[in-house]
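The values are calculated or read from the model by the stated rules, or taken from the named source; none is laboratory data. Being a predicted model, the structure only gives us computed values, none of them experimental. Methodologically, a virtual Cβ is constructed for each residue, glycine included, from the backbone with ideal geometry; neighbour enumeration extends over all protein chains shown.
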Amino acid sequence: MKLLVSVPTGVYSNSVYLPYIWALLKTHLELNYNKNVDVTWLDPIFLKTHEASYCDIFLTSNYTWNWQENLELTRNVKKLNPNCYVIAGGPQVPFKDKKVFDLYENVDALCFQEGEQVLSEFLYRFTNNLDLDIDGIILKTNPNKTIKFAKKLNLNDCHSPWKYCFNDLMRFSKEIHSHTKRVVVALETNRGCPYKCSYCDWGMDITSKIRLVNEDIVFESIEYISKLQPDTITIVDANYGSFKHDLDYVKRIVKKKQETTFPESVIFFGAKNNKKLVNDCYKVLFDDGLIGMIQVSFNHTDTEVLKNIDRDIMRRDKFMEEMQESFMVGIPLVGFLILGNPGDTIEKWKTAWSDLLEMGFHEDIKVSDFFVLPNAPAAQPEYIEKFKIKTHIRNHADTFKNRDFVKGELIVESYSFSKEDFKEMQLISAFIQGTHILSITKFVAMALYHNKEVSYKTFYEDFMQFETIDSILCPVKEHLDDYMSDPDSIKFIKFQGVHVLYEDFIYLSCLKKLDSIYEELEKYLHIYFNPLLVTNLITFSKNSILNLNADGSAESNFHLDYDLRKYFKTLLTLPPTVQYDKDPVKKSTHILISDQRLGQKKEINFDKINNLDNIRDHVLRAPNFRHQTTYWL
Ligand code: SF4
């Protein structure tokens, strides 16, 4: 009996996950399951270029980035063998929905929990013509059965799939690299999450007790993983840094990196509390160049909103105290917000932005739309009813270039905000990202906040009313209107013929009209600062971005009457939430920009950056790399 597993990776088309699900299932069936099952394992589908092949059983693992592709593969598999039995699993399958088989029309059964034991038992029964209607499975022939979960695995007994399937995985790794793509590996040290954030479906295992993989097996997996030459290891635990051994694991990864040069980077999702250990993990990885930033997921700062999304799980005071520690570690901190939370309003959204800026998140603040994942609490009818949620479906990607768009359903209205409010909130995010985060007004806003107690909210509300800004925002507003009304539209707007994010459009348009913006800003600042300091603040701001002269060259030196370089360095290194009320020191200063760079990286040839198209194409990056857009240090 030929068995084919499909787990294609899609969204980040340059990064491909090794087929962990396939390896888990094979390892469990052959080492843990106590009955003989006669199957021939075909090479799994893990690259987008892989095609369906003849098989008797087809298993698909579905998530946001591959479920559409899996449906297409399923159709093709059925063409090759109409009798092929198809089982779909993974978080993207809405197994509680009575109409699930309308969407998954060629699928014969669904697996709605971790697959190792359930599918092993299913395959045994399938090959022996026994009853297939077991716990953990819904058959198309019995779609209305009472859902019953099978007993969860004791992960302590499991073997390392990275060791057991090593030779095959090595072949797959080489295949991925031969396509000049990055190899990504999912390292799992535990399963489950005690929380139930409403937007999350963490492996359909939220609100559950954490089960640990045996420590020796994790260390063994790290050994074998490093031999696979992965570019990235993603630790897929829900709350990494909850256990003491988590620090030992990352130390082992660092050791392997020193020995083999792999991996290049590590991603993990830090525990919501217990930040001390999380920070220690970050520090170990940062010191060896395996991470470049820490993402701090606030999602919002308003109590009612956080309650609505079941995210009031962090003890606020303790969290802030521990965040100070993260800051002191010296790693760039990136704040993270979600747009579309029930309970949000325009005012609350502006305040959330202001809060994060006051805390000191000036390098980057990322925003995600609220995607309704099929098995998340937010997708359940009672949640939708309670918060009067309306959604729309759009093609989505985090950046335009080299990405596949995937269909996603996102919240655009709730009891507390209308679709018009939603548009305004989108605009506010793009505006602050395009102006503050990308440094057009970062330093001015910081001086106003620290020195004159003008909140970031007040400043950006005022700034948004500038005449020049209004002309820049007009096309974005029009685009947002289209985006809301046209189901085929995407949230990218063209700047000089090329699709960019809204915030990049705003940033580039500001560069185009920089003189008018700073002229208006100068008038505004006179209310607060003396004329000389105003001129200095504008000069400093102008030169802290890649400000091109008419001939396309970048400014290479400038003069100040105040020591603003020292002043802003002080502000940027203040611990979170600390306000600095001292005036900038008057001191004649000449700044020579000799060390042009993008954050900590220097791979850009600045001589070739001589127009806005170059800035758009080579300097601006995906949002998660925005902290690298600093022009000079
Ligand atoms: S977002 Fe994180 S903490 Fe919240 S339920 Fe999901 S995995 Fe758990």
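Observations on the structure shown:
- Residue among Val236, Val266, Val278, Val305 that is over 12 Å from Thr189 (Cβ atoms), at pLDDT 95 or above and within 16 Å of the ligand (Cβ to nearest atom): Val305
- Verdict on Phe243 being surrounded by 19 or more Cβ atoms within 10 Å (Cβ to Cβ), of a type in the set (Phe, Trp, Tyr) and away from the ligand (no atom under 16 Å from the Cβ): no
- The sole residue among Asp551, Asp481, Asp515, Asp563 that is out of contact with any Gly (no Cβ under 7 Å at 6 or more places or on another chain) and within 20 Å of Gln426 (Cβ to Cβ) is Asp481.
- The residue list Leu153, Leu169 contains one member that is in a helix (DSSP H, G or I) and either of a type in the set (A, V, I, L, M, F, W, C) or within 16 Å of the ligand (Cβ to nearest atom) (or both), which is Leu169.
- Of residues in segment 457-508 being small (Gly, Ala, Ser) and in contact (Cβ under 8 Å) with a residue 40 or more places away in the chain, the one nearest to Lys401 (Cα to Cα): Ser489
- Hey, Asn273 without any contact (Cβ under 8 Å) to a residue 60 or more places away in the chain and within 16 Å of the ligand (Cβ to nearest atom) or not: yes
- The set of residues in segment 484-511 that are of a type in the set (Lys, Arg) and more than 17 Å from His618 (Cα to Cα) contains only Lys491.
- Count - residues of segment 2-33 that are part of a loop (DSSP other than H, G, I, E, B) and modelled with pLDDT of 95 or more: 4
- Every residue from segment 209-229 that is among the hydrophobic types (A, V, I, L, M, F, W, C), touching a residue at least 40 places away in the same chain (Cβ under 8 Å) and farther than 29 Å from Leu373 by Cβ: Ile217, Leu228
- Of all residue pairs spaced 6 or more apart or on separate chains, those with beta-carbon atoms under 6 Å, a first member in segment 174-185 that is crowded, with 21+ Cβ neighbours inside 10 Å and a second member that is charged (D, E, K, R) and at pLDDT 95 or above are Val183/Asp231.
- Listed conditions (1) within 15 Å of the ligand (Cβ to nearest atom); (2) surrounded by 17 or more Cβ atoms within 10 Å (Cβ to Cβ) are all met by Val250, apart from (1).
- Of all the listed residues (Asp157, Asp168), the sole one being within 31 Å of the chain's Cα centre (by Cα) and under 20 Å from Leu29 (Cβ atoms) is Asp168.
- Any chance Asp43 is modelled with pLDDT of 95 or more and touching a Lys or Arg at 6+ places or on another chain (Cβ under 6 Å): no
- Filtering segment 193-208 for residues that are more than 27 Å from Thr64 (Cβ to Cβ) and touching a residue at least 60 places away in the same chain (Cβ under 8 Å) leaves an empty set.
- Condition met for Glu385 (more than 30 Å from Leu546 (Cβ to Cβ), of a type in the set (Asp, Glu) and surrounded by fewer than 23 Cβ atoms within 10 Å (Cβ to Cβ)): yes
- Verdict on Pro91 being surrounded by 21 or more Cβ atoms within 10 Å (Cβ to Cβ), at negative phi, assigned to a loop (DSSP other than H, G, I, E, B) and touching a residue at least 24 places away in the same chain (Cβ under 8 Å): yes
- Note on segment 193-212: residues that are more than 9 Å from the ligand (Cβ to nearest atom), in contact with a strand residue (DSSP E or B) (Cβ under 6 Å, 6 or more places away or on another chain) and not in a strand (DSSP E or B) total 1.
- Long-range neighbours under 6 Å by Cβ, at least six apart or interchain, first residue closer than 19 Å to Asp280 by Cβ within segment 230-242, second away from the ligand (no atom under 12 Å from the Cβ) and among the charged types (D, E, K, R): Tyr240/Asp246
- If the condition is being more than 22 Å from the chain's Cα centre (by Cα) and part of a helix (DSSP H, G or I), then segment 258-276 contributes Gln258, Glu259, Thr260, Lys276.
- Test: Ser221 is polar (S, T, N, Q), more than 16 Å from the ligand (Cβ to nearest atom) and under 16 Å from Tyr20 (Cβ atoms): yes
- Segment 172-189, subset over 17 Å from Glu223 (Cα atoms), charged (D, E, K, R) and not in a helix (DSSP H, G or I), residue farthest from the chain's Cα centre (by Cα): Lys181
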